[in-house]
Each structure stands twice: as structure tokens, then as C-alpha cells.
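S.K.: This is the structure I have questions about; it appears just below.
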Amino acid sequence: MWVRAPAGIKTDGLQFYEDQKPIEVKFEASKKSDSIAKNKVILFLLRNTSANSAMKWYKDVLTNAFKNGAIKQGDQIEILGFSSLLTKEISVSTKLTFTDNLQVLLDKIDGIEEFRRVNFDERIQTHTSINEALAVLEAQNLKLPAGIFVLSDDRRIALSVTGEPLVTRSRRLNIPIYGVTYNTKNDYYDIKELCDQTYGEYLSETSNDINVVSNAVSAYLIDFINLLVCMKLHLCRSIPN
């Protein structure tokens, strides 16, 4: 039996049936898959904010995390800015250019533009952008474990994701969602619940200490493969005499 949840599952809640009759089974110890990939695919979504302090903070967090050795040779990394739905067009680019080159990635971070006083009516639609990012990654037919890291305060008016629910799509694709939020005193909708439900992590540090947050992001990336890998549960069926 394969289990996607990195922390495993509670086997006392499982029941197997044969010919509509319950089967008595005994679970043995679980272990990680022996087919672990060495590299990862990560798509970073960085909100194009007009707040200078938040924008610089997000960029510094990513820059420091990358310089901490979080990106390994063979990894496929892409960084995209996203903003509000100013038109009916998608808010996430469908053209992905993956790389493991540190300098290219740092240049991409610097290239994310700030949006100043754009008339977005507070509708950043982070959930919509995540949904679009999942669709874009699905179309790539990826061969490596993949994840999405969202750097945003997630301000929005209403959730506007239609079709397959985000959590369902994330789990089906085996692509967890990670979130990092610049902490402010303003009210905002975070994506912690979404991260939890997709087996990702969510981080919002009260003091906005760049070193603390970038180190955490670096740790997430370095340990990404180990956290994502499936577990094998060996079970034995009790055969009556």
C-alpha cells in the first residue's frame, strides 16, 4: 500500500474488503520508497506588490535561500511574478523556463517588477494563480517531484477557483503548496490551510526576520524530496485456518 502523506497515516482507521466482506489485516512498519528522485521541480510565485518593503523582503528571502545552497545541480526552478486579474486572461505565464543556474535565478528575482498603484481593487486572487500554476505544471508532464512556493499576503475579495478544487488537484498531481507571507498588522487571507491540506508548509514570522525566514525556506527546499516521497506500508492478511 502506497501512502502519499509524508507523516504516514493512522492505520486503525483503514478497512479492507473482499466480496463486500471486511478482511482482517495487520500492518507492518512503513518505510520510504526506494525510488527517490535526486532532483526537484519548484515553481515560485512572487506577488507583484506595490509595497516597497514587502517586495524587497520577498526578494531578499528568496535570494538568501538560494545562496544557502537550496538549489542543487539538476533541479528545475522557475520564478514568476503574479498579480491581479486585470482582464479575463490568466495571471500566471504558461511559458516556463526552468534552470538550476544560480545567477540566472538571482537575475529572475531581480526582474520581478513592482506594480505601483495598479487598479486591482484588492483582488490579488492568489488561489486563482495557484490553480493556474498547477494546470501549467500538469501540462509539462514532469518526471521529477514538483512543488509550488507562493510568496504573497494573499489579499483578495473572493475566492474564484472553478472546476477541480485546489486541494484535490494538488493531491492528484502530487504537487504540495508552500506559502510565505510578509507579516503586517493588516488583515489578510492566508493560505495556511491550503498548505496544510496539500502537505506543504506555511510560514509567517512575526518579526519578518529575513535570516529566519530564508533559512526556513532553504530547509524546505533542501529536504523537499524527503518530505514529498511516498511511504510503503506492508500489510499481512490474516488467513483463517
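The values are calculated or read from the model by the stated rules, or taken from the named source; none is laboratory data. Since this is a predicted model, take the numbers as computed values, not measurements. Here the Cβ positions follow ideal geometry from the backbone for every residue, glycine too, while neighbour counts run over all protein chains shown. Note: areas computed on protein heavy atoms with side chains; ligands, DNA, RNA excluded. Shrake-Rupley method; radii C 1.70, N 1.55, O 1.52, S 1.80 Å.
S.K.: From Ser129, Ser93, Ser84, grab the single residue that is polar (S, T, N, Q), closer than 24 Å to Glu164 by Cα, in contact with a Lys or Arg (Cβ under 9 Å, 6 or more places away or on another chain) and modelled with pLDDT of 65 or more.
M.R.: Going through Ser129, Ser93, Ser84 in turn, just one is polar (S, T, N, Q), closer than 24 Å to Glu164 by Cα, in contact with a Lys or Arg (Cβ under 9 Å, 6 or more places away or on another chain) and modelled with pLDDT of 65 or more: Ser129.
S.K.: Identify all residues within the range 51-80 that are hydroxyl-bearing (Ser, Thr, Tyr) and either open to solvent by 10 Å² or more (accessible area, probe 1.4 Å) or within 11 Å of Asp100 (Cβ to Cβ) (or both); write none if there are none.
M.R.: Matches in the range 51-80: Ser53, Thr63.
S.K.: With respect to Gly13, determine if the residue is at pLDDT 70 or above and open to solvent by less than 60 Å² (accessible area, probe 1.4 Å).
M.R.: For Gly13, the condition - at pLDDT 70 or above and open to solvent by less than 60 Å² (accessible area, probe 1.4 Å) - is not met.
S.K.: Scan the range 43-63 and tell me whether some residue there is at pLDDT below 90, assigned to a loop (DSSP other than H, G, I, E, B), over 23 Å from Ala135 (Cβ atoms) and of a type outside the set (Val, Ile, Thr).
M.R.: yes
S.K.: What pairs come out if I take residues in the range 1-19 that are of a type in the set (A, V, I, L, M, F, W, C) and pair them with residues that are at pLDDT 80 or above and open to solvent by 70 Å² or more (accessible area, probe 1.4 Å) whose C-beta lies under 7 Å away, six or more apart or interchain?
M.R.: Ala5/Tyr199
S.K.: Now, a different point. So which of Phe149, Phe115, Phe120, Phe98 is modelled with pLDDT of 85 or more and open to solvent by 20 Å² or more (accessible area, probe 1.4 Å)?
M.R.: Just a single option satisfies the conditions, and that option is Phe98.
S.K.: Pull out all pairs, ordered by first then second residue, where Cβ-Cβ is under 7 Å, the residues are six or more apart or on different chains, the first lies in the range 49-77 and is farther than 22 Å from Pro145 by Cα, and the second is among the small types (Gly, Ala, Ser).
M.R.: Short answer, once both residue conditions are applied: Val61/Ser214; Asn64/Ser214.
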